1. Can you confirm whether GLN6 is of a type in the set (S, T, N, Q) and buried (at least 16 other Cβ atoms within 10 Å of the Cβ)?
2. Select from segment 74-88 the residues that are among the hydrophobic types (A, V, I, L, M, F, W, C) and modelled with pLDDT of 95 or more and write down the one among them that is surrounded by the most Cβ atoms within 10 Å (Cβ to Cβ).
3. So which of ARG21, ARG73 ends up being outside the structural domain of LYS141 (by TED's automatic domain parsing), under 30 Å from THR118 (Cα atoms) and touching a Pro at 6+ places or on another chain (Cβ under 9 Å)?
4. Output the qualifying pairs, or none if there are none: Cβ atoms under 7 angstrom, residues six or more apart or on different chains, first residue in segment 152-172 and not assigned by TED's automatic domain parsing to the domain that holds ASP105 and at pLDDT 85 or above, second residue of a type in the set (Asp, Glu) and loosely packed, with under 14 Cβ neighbours inside 10 Å.
5. Hey, among SER91, SER41, which residue is touching a residue at least 12 places away in the same chain (Cβ under 8 Å) and surrounded by 15 or more Cβ atoms within 10 Å (Cβ to Cβ)?
6. Can you tell me which residues in segment 101-136 are assigned to a loop (DSSP other than H, G, I, E, B) and surrounded by fewer than 16 Cβ atoms within 10 Å (Cβ to Cβ)?
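The values are calculated or read from the model by the stated rules, or taken from the named source; none is laboratory data. The model shown is predicted, which means the values in this text are computed figures rather than measured ones. Cβ placement follows ideal geometry from the backbone for every residue including glycine, while neighbour counts extend to all protein chains displayed.
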Amino acid sequence: MMTADQRMKVLKILSSSSLTRTGLEAYRERILDMLAEDDPSYAELTRAFDNAVPSDSYLVFMGFCPGANFARRQDTRWRTLGICEFEFDQSETQVRRFSTIRVGDQIILKKREIIGKTMKLYGHGKVIGVDYTAEGRRVLKMAWHPDETIIEVPLMGCNSTVNLKKTATVLRIL
């Protein structure tokens, strides 16, 4: 059982944005492993960890056309609902990558254009929260930028649906 003082200390650390995403995950494991799931603090701290902003930011180049089929594009629905989600459970690697996206990361909607060379970017937004559906599927709450200008850029190794790149790395390329 966690005391109120201990809980407040953890919440203060999480709100400070002082931990890297790796540090956040290690801290999460250490704290949540100390608690039983029926502990009143467990649900509150789980939400706080999910919504903590790490000190390191990433750009996430996110595909939005299931099966690379533009007719099945999801971006317009995501923008309308203020969300971003990933529903291709067959790829454990992709699901794992999507689970590492954090509050404060930028999502950039992308579709490969010239295979192996370029991609088109269809918009971007900032992750402002994390939520879960009743079935337990992770959903990112988004603040989508209203600009819908489409630009073509080098592929930058973004061949998967979910591609996380350190912000500094992308800025060096561009």
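1. Spelling it out, it is not the case that GLN6 is of a type in the set (S, T, N, Q) and buried (at least 16 other Cβ atoms within 10 Å of the Cβ).
2. Step by step, filter segment 74-88, then rank; the result is CYS84.
3. After ruling out the rest, the residue left standing is ARG21.
4. Here the result reads none, with nothing in segment 152-172 linked to a residue that is of a type in the set (Asp, Glu) and loosely packed, with under 14 Cβ neighbours inside 10 Å.
5. SER41
6. Selection gives GLU113, ILE114, ILE115, GLY116, LYS117, THR133, ALA134, GLU135, GLY136.
Yes/no matrix, rows are residues, columns are (1) assigned by TED's automatic domain parsing to the domain that holds LEU155; (2) outside any helix (DSSP H, G or I):
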residue: LYS12; (1), (2): no, no
residue: SER17; (1), (2): no, yes
residue: ALA26; (1), (2): no, no
residue: ALA36; (1), (2): no, yes
residue: TRP78; (1), (2): yes, no
residue: CYS84; (1), (2): yes, yes
